[in-house]
Amino acid sequence: MARAVPEFLPIRGNGLARSGGLLLFVVLLGAGTAFAVGDRGADGDFERRDSFHFTLYQDVDIDESAGLYGSRRFEQEILRELEAAFDRLDDLLALRPEGKLVVYVWDPRLFDEKYAGLFRFPAAGFYAGAIHIRGATRLTPGLVRVLHHELVHAAFDAEAPRLTLPAWMNEGIAEWFEARAAGKRAITARERGALAGAADRGELFSLADLSVPALGGFQPVAAALAYLESYAFIDFLVQAHGERGLVRFWSAVVRSRSLERGARRAYRKDLEQLEADFFRSLRTG
Ligand SMILES: [Zn+2]
């Protein structure tokens with residue numbers, strides 16, 4: 001059972017800081033949303049290919065099936081990346097979903113036709129009981145990041161199917177994981193600057209503001225800040241208390257079904273205090 005909530009999120013946590021670039025959003029939708037997802041795409045059959053932890057359905061319009069740029073090679077590369085991401089998820093977050101995860105990689109044109117109406121921005125993917133990705137014909141760095149990001153949502157859904165996590169935690173950890181997996185170890189000076197500016201203008205969201213199940217109701221610019229802030233808060237926790245602290249935190253939250261108990265167990269502080277520490281860190285940064 002998936003959370004019956006929509007959410008928006010930019011692919012990158014630094015969407016706020018980018019000026020001219022296309023702001024891409026990844027969206028999580030509830031299982032109740034009607035998707036005409038079958039085993040056939042408008043271009044024909046979805047190709048099915050399995051790896052140990054994933055079932056991949058792929059429908060990108062690629063001319064060749066064999067060869068260096070053929071669809072078979074593309075599918076193998078995606079599955080290899082997903083398996084590597086699965087191992088990183090275990091290493092960094094001690095999340096190890098049982099049972100196979102289903103991933104749809106859509107032809108970008110079909111994806112846009114089908115789902116563009118659901119998003120304010122061109123969408124990069126979403127999670128709704130299965131991972132849905134707006135495909136490319138190559139395994140691009142952007143595609144790699146989206147796969148990592150959505151994997152976190154899938155893993156939390158598998159770990160605690162009936163627990164609705166606040167957006168700052170679910171999105172923050174997903175953003176943190178995709179950045180960390182790409183080798184990024186902290187928020188950038190530019191991201192910090194954007195947050196400090198928002199702090200000066202009194203525009204930062206409180207954790208309470210970001211405790212909705214999903215950020216779908218946020219306007220695009222506010223959503224970019226909300227995702228960046230969620231990521232920065234998780235990054236702050238990791239900088240202050242280590243990566244293992246983050247594992248202790250999410251597992252305590254899932255076990256106790258309480259954010260407060262999870263915070264006290266992992267960080268010996270309540271959330272209000274952690275939030276105050278975080279805001280202070282932005283001001284002195
Ligand atoms: Zn997300």
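Points to keep in mind about this one:
- Test result for Ala17, at pLDDT 95 or above, surrounded by fewer than 21 Cβ atoms within 10 Å (Cβ to Cβ) and away from the ligand (no atom under 16 Å from the Cβ): no
- The stretch 195-215: number of residues that are away from the ligand (no atom under 16 Å from the Cβ) and surrounded by fewer than 23 Cβ atoms within 10 Å (Cβ to Cβ): 14
- Selected residue [modelled with pLDDT under 95, in contact with a Phe, Trp or Tyr (Cβ under 8 Å, 6 or more places away or on another chain) and of a type outside the set (Lys, Arg)] from Phe218, Phe233: Phe218
- Residue in the stretch 195-207 that is acidic (Asp, Glu) and out of contact with any Asp or Glu (no Cβ under 9 Å at 6 or more places or on another chain) present: yes
The values are calculated or read from the model by the stated rules, or taken from the named source; none is laboratory data. These numbers were taken from a predicted model, which means no experiment stands behind them. Note that each Cβ is placed from the backbone with ideal geometry, even for glycine, and that neighbours are counted across all protein chains shown.
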